[in-house]
1. Answer with a single label: of (i) 33; (ii) 50; (iii) 41, which was calculated as percent of Cα pairs over 17 Å apart from the structure in view?
2. Would you calculate, for the chain, the mean residue ellipticity at 222 nm contributed by helices, counting each DSSP H stretch of 4 or more residues as -39,500 (n - 2.57) and dividing by all residues, to the nearest 500?
3. In nm, to one decimal, how far is the residue 19 label point from the residue 39 one, both placed 7 Å along Cα→Cβ?
4. Give a residue-ordered list of calculated ³J(HN,Hα) values for region 7-24 (Karplus: 6.51 cos²θ - 1.76 cosθ + 1.60, θ = phi - 60°; whole Hz; x for Gly, Pro).
Amino acid sequence: MYLRGKYPFKQNIEIKEMLNQKMNGVVYEEECADIIKYMYNQEDSEILLTKLRKLYTIPQRNMAEL
């Protein structure tokens, strides 16, 4: 749903390929935060993001990649 919302004009095959790349590669911090905020209420998402940041190094997207 995240990828479909972010790229509404991409075809299903392209979305599936992007999903496979994310599942086997890197999920950036802003992507992770967006997904958690979509799935959980504000209080729960803040708790989860705090715990996640303590446990993992979440890569931040380089501005050159945008």
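Every number here is computed from the coordinates shown, using simple stated rules; none is lab data. Quick caveat: nothing in here was measured; it's all calculated off a predicted structure. Don't worry about glycine lacking a Cβ; one is built from the backbone with ideal geometry, like all the others, and counts go over all protein chains shown.
1. So the calculated entry is the one marked (ii).
2. -19000 deg cm²/dmol
3. Label-label distance for residue 19 and residue 39, simple model: 1.4 nm.
4. Listing the rounded values in order: 10, x, 9, 7, 7, 4, 4, 5, 5, 4, 5, 5, 4, 4, 5, 5, 5, 10 Hz.
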